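Values in this text are rule-based calculations from the coordinates and carry no lab data. Because the structure is predicted, anything quoted here is derived from the model rather than measured. So basically every Cβ, Gly included, is an ideal-geometry build from the backbone, and we count neighbours across all protein chains shown.
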Amino acid sequence: MKPGVITQYAHLSEFKTIEQFNETMKQALAKYGHKLTKGERLAFQILTRYCVKEIGICNARICKLVEAAQKEKGGISRSTFERMLRKIKQLGILTIHHTTRKKGGYSHSVYVFHRIDGTSSEKLTERQTSKEPIAATVQPSKEHGKTNKFEIKQKDKDLRRISLDSLDYTYVPSYVPFEFTKTVRPFFDRAKEICQLWDRALIAYRSMKFDDPIEFFTPTIIKAFKETVYQYKRQKIKTEFNAYYYGTLTGLLIVEKRKVVI
């Protein structure tokens, strides 16, 4: 990857709005914050502040980020900042792309934050039919220009009764490509199951450190899923379906990575 201004890395962003990015960062801290020291949490907060111009992406040099942290109470050292980067990278929150100069040697790094889906993997269950989506739209009534708080509370209770497992494929988030959902749906018609499979694809993709966005590899991801289903039907899978799918996809992505290197 070549060094440059932040706008040339815009295609790596996985977020559409600042609100979406901030909410994901809150989820990340809620889930993994206990793994970070006080100084590392400060470093994490500083890094996220530099991810506004291109949402979820920062290309500032570490020295600048550490300098910004010094203005905060207590400040942090460069080693603390680097330790934080290693931790959140291992947790799958962040990918670090190293840029290289034309004459050789590394330039600045590009930090790319990822969306987080905390669902766990399950075994394959083929679906024969698809159920109708559950209506869960909250529409508070108004009386004399005022919102009926009682009705909002009642609707909120009704919404809470609907479990994540019951949501069908029509509830799949927009960040999952439609082509992938369409391919997976005959076998996994729950939104949670589809997101779990896409999560595996994200992990495999991030491990390869491609410059191209994951959408570029959607055909490869779909191919890996189809191959896994084929082997499942042949009763060749001795492990969990998701694990076999992940291994198959990783193998295909390694081939794609070799093409890039060549």
Local charge sum around Asn59 (other residues, Cβ-Cβ under 13 Å, Lys/Arg +1, Asp/Glu -1)?
+3
With r as the distance between the Cβ atoms of Lys182 and Val52 and R0 = 30 Å, compute the FRET efficiency 1/(1 + (r/R0)^6) and round to 0.05.
0.30
Which of the pairs Lys35/Lys102; Lys38/Lys223; Lys53/Lys209; Lys64/Lys102 have their Cα atoms more than 32 Å apart in this structure?
Lys35/Lys102; Lys38/Lys223
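Ranking request for peptides 17-27, 198-208: highest mean number of other beta-carbon atoms within 10 Å first, then the rest in descending order. Please list the in-between numbers first.
Values: 17-27: 14.6, 198-208: 19.5.
For the peptides 17-27, 198-208, the packing ranking is 198-208, 17-27.
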Fully extended contour minus Cα-Cα distance, from Thr218 to Glu67, at 0.36 nm per residue
50.4 nm
Using R₀ = 51 Å, calculate the FRET efficiency as 1/(1 + (r/R₀)^6) where r is the Cβ-Cβ separation of His11 and Ser163; round to 0.05.
0.90
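Tell me, in nm to one decimal, what length is gained between Arg258 and Glu19 on full extension, where the rule is 0.36 nm per residue of separation less the Cα-Cα distance?
Contour length minus the Cα-Cα distance gives 82.3 nm.
Multiplying the sequence separation of Lys2 and Ile96 by 0.36 nm and subtracting their Cα-Cα distance, what value in nm do you get?
Details: separation 94, 0.36 × 94 = 33.84 nm, distance 1.34 nm.
Difference between extended and current length: 32.5 nm.
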